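The values are calculated or read from the model by the stated rules, or taken from the named source; none is laboratory data. All values derive from a computational prediction rather than experimental measurement. All Cβ positions, even for glycine, are placed from backbone atoms using ideal geometry, and neighbour counts span all protein chains on display.
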Amino acid sequence: MTNHYYSRNQSIESKPLYWDYRFRDHIFQFKTDQGVFSKKEVDFGSRMLIEKFALPTIDGPILDVGCGYGPIGLALAKVFPNRTVHMVDINKRALHLAKENANLNQITNVEIYESDRFEQVKTRDFAAIVTNPPIRAGKRIVHDIFSESYQYLQRKGALWAVIQKKQGAPSAQKKLKSVFQHVKVVQRSKGYYVLKAEKF
């Protein structure tokens, strides 16, 4: 069976890697492994999303859908210590790493748990949802994340997503505009789009 970063279980041999990265004036230590997305460095799209994300004016937690080993969710939890960040993924190895990375970086304002998209997410009052969606899992799954996000956001909340033009950014914009009241491109760089979709 082929292993993908969006598979629940990883049979590929474990070969952990350790490295440091700086986001928004904080230095993070990361442990990664085979069978997770972007194991050697934080990918360009995730870095863009972290740097451009703006905290909503409304109170409430943040949700990272498809958190992987945790760079986006943990970075936001560190930068915004008064917010709880929920981090979900289907990949059990990635979730284990995310929990280890939370401990490595002494980040406690997170809740990390297994969920296929929103299946196990019980909270429905998120102020913001962030995602670097699993493009290789297919367009239907990516668009499901966009559609379902609306139901889990408070009014005045926003979904932030990053996606490459060649991997479907134009169709992602179209999908988001069919669900949300306001959608804008926050930044474009090197073929990546950071999209913000607001619920009014």
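Count, please, the residues in segment 51-76 that happen to be crowded, with 24+ Cβ neighbours inside 10 Å and either charged (D, E, K, R) or free of Cβ contacts under 8 Å to residues at least 40 places away in the same chain (or both). Adding up the residues that qualify gives 2. Of all residues in segment 164-183, those that are in a strand (DSSP E or B) and within 8 Å of Ala197 (Cβ to Cβ) total 2. Just one of the listed residues (Ala77, Ala128, Ala54) is more than 24 Å from Ile12 (Cα to Cα) and in a strand (DSSP E or B), and it is Ala128.
For Ala161, the stated conditions do not hold, so it cannot be described as out of contact with any helix residue (DSSP H, G or I) (no Cβ under 8 Å at 6 or more places or on another chain), of a type in the set (Gly, Ala, Ser) and not in a helix (DSSP H, G or I). Being acidic (Asp, Glu), surrounded by 20 or more Cβ atoms within 10 Å (Cβ to Cβ) and under 30 Å from Lys15 (Cβ atoms): is that true of Asp89 here? The answer is yes for Asp89. If you check Glu111 against the conditions, is it closer than 17 Å to Ala77 by Cα and in a helix (DSSP H, G or I)? No.
The set of residues from segment 164-200 being touching a residue at least 40 places away in the same chain (Cβ under 8 Å), among the charged types (D, E, K, R) and touching a helix residue (DSSP H, G or I) at 6+ places or on another chain (Cβ under 8 Å) comprises Lys190, Lys199. Test Ile145 against the stated conditions and say whether it is assigned to a helix (DSSP H, G or I), among the aliphatic types (A, V, I, L, M) and at pLDDT 95 or above. Taking the combined requirement at face value, the residue satisfies it.
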